[in-house]
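J.: A single structure is presented below for examination.
The values are calculated or read from the model by the stated rules, or taken from the named source; none is laboratory data. Predicted, not measured: the structure shown is a model, and the values here were computed from it. Note that each Cβ is placed from the backbone with ideal geometry, even for glycine, and that neighbours are counted across all protein chains shown.
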Amino acid sequence: MTLCYNSYRRSVGGAAMFSRALTLVEFLIVIVVVGIIMTIVVTLSQRQWKFVYPKALRCKSNLKTLYMACYDYAFDHGSFPWAGEGAQYWQHWALLVKWNDNGRKISPEKFVCPEFLNKRPAHRDEETGEWELGPDNVSYAYAKEVCSEKSRGYLAADMDVKIGEQGQGHRGFIIILACDGTLTVHKLGKGENWESVCGKWLTRR
């Protein structure tokens, strides 16, 4: 009888230990699977931003540089560059260039967002070192009306946004420069586009 009882205890104890071992193995499997999924997600995320994020940083740097130039311009004129009612976006920027020693103190690359492949920086004249902006050399929209650093609203932004395979600029988000110098990365929500976000404030004609 005692022999049978001891055998029963060993068999029950062994089953319990085997059951606990299975639970531990399952737990380890879950951890491994979760780790693999996280690795895949992080890898895909890094791959997605490998090209987007540096370009976004360069775009923000461009707009910040342009804002400082506009701020200096406003110190002398009381407002940001304004080429007049009905002027196109690039004509306002061109006014800034002419005032800023005709571009000698600001790089022409600053007027082109890295995402706009069909826009090229203006070329300098080899003899004079001067250059002028045109519609092919600017990818940033400009304010619709005269404003200063104390104005509300936007001063500039990416001229367009890429949705799906349509459009130019950053994919799905717009970098916006407010009149007070604040930079915002606006991620487009459902039903939003460039016009609905920036059209009230900016012109890209």
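J.: Can you go through 149, 165 and tell me which one is surrounded by 13 or more Cβ atoms within 10 Å (Cβ to Cβ), of a type in the set (Asp, Glu) and over 14 Å from residue 60 (Cβ atoms)?
T.: Answer to the selection: 149.
J.: Then there is this: Somewhere in segment 151-161, is a residue among the aromatic types (Phe, Trp, Tyr) and assigned to a helix (DSSP H, G or I)?
T.: No: zero hits.
J.: Continuing with the same structure: Please determine whether any residue of segment 85-98 is assigned to a loop (DSSP other than H, G, I, E, B), more than 16 Å from the chain's Cα centre (by Cα), hydroxyl-bearing (Ser, Thr, Tyr) and more than 18 Å from residue 72 (Cβ to Cβ).
T.: Scanning segment 85-98, I find no residue that is assigned to a loop (DSSP other than H, G, I, E, B), more than 16 Å from the chain's Cα centre (by Cα), hydroxyl-bearing (Ser, Thr, Tyr) and more than 18 Å from residue 72 (Cβ to Cβ), so the answer is no.
J.: Could you check segment 119-150 and list, in sequence order, the residues that are among the aromatic types (Phe, Trp, Tyr) and part of a loop (DSSP other than H, G, I, E, B)?
T.: Here is the first cut: in segment 119-150, the ones among the aromatic types (Phe, Trp, Tyr) are 131, 140, 142.
The one that is among the aromatic types (Phe, Trp, Tyr) and part of a loop (DSSP other than H, G, I, E, B): 131.
J.: When you scan segment 143-152, do you find a residue that is more than 17 Å from residue 198 (Cβ to Cβ) and at pLDDT below 90, even just one?
T.: Taking every residue of segment 143-152 in turn, none turns out to be more than 17 Å from residue 198 (Cβ to Cβ) and at pLDDT below 90.
J.: Cβ contacts < 8 Å: first residue without any contact (Cβ under 8 Å) to a residue 24 or more places away in the chain, restricted to segment 93-122; second residue assigned to a helix (DSSP H, G or I) and among the acidic types (Asp, Glu), any location; separation 6+ or different chain. Result?
T.: Close Cβ pairs satisfying both conditions: 121/109.
J.: Turning to a different aspect of this structure: Just checking, which of 59, 113 is under 24 Å from residue 185 (Cα atoms), within 18 Å of the chain's Cα centre (by Cα) and not in a helix (DSSP H, G or I)?
T.: Step by step, each of 59, 113 is checked, and only 113 is under 24 Å from residue 185 (Cα atoms), within 18 Å of the chain's Cα centre (by Cα) and not in a helix (DSSP H, G or I).
J.: Something else about it: From the residues in segment 186-201 that are under 18 Å from the mean Cα position of the chain (by Cα) and surrounded by 13 or more Cβ atoms within 10 Å (Cβ to Cβ), which one is nearest to residue 56 (Cα to Cα)?
T.: 186
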